[in-house]
Amino acid sequence: MLGATRMALTDELVSLSLRPELDPGPEPHRTPLTEMETEMFARRLLQESVARRSGSSPMDH
């Protein structure tokens, strides 16, 4: 392996990587989730994360 070279990530170097990007907005064919759907997915995500921490499968519940 070649000798390691350390570089500092300076503001100047970061500025070289920045470029303006226009936000195209939401895709026209997509339908936004309803509040009820959002709540359902949030509860499911919470249930799955709790199950994962406890070592059981979300399918066990």
Practice prompt. Inspect segment 12-28 for any residue being surrounded by fewer than 10 Cβ atoms within 10 Å (Cβ to Cβ), hydroxyl-bearing (Ser, Thr, Tyr), at pLDDT 90 or above and in a loop (DSSP other than H, G, I, E, B) and give the result as yes or no.
Written response: no
When every residue in segment 29-53 that is surrounded by 10 or more Cβ atoms within 10 Å (Cβ to Cβ) and among the hydroxyl-bearing types (Ser, Thr, Tyr) is compared, the one modelled with the highest pLDDT is Thr38
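The values are calculated or read from the model by the stated rules, or taken from the named source; none is laboratory data. Because the structure is a prediction, the values reported are computed rather than measured. Cβ atoms come from the backbone with ideal geometry, glycine included; neighbour counts cover every protein chain shown.
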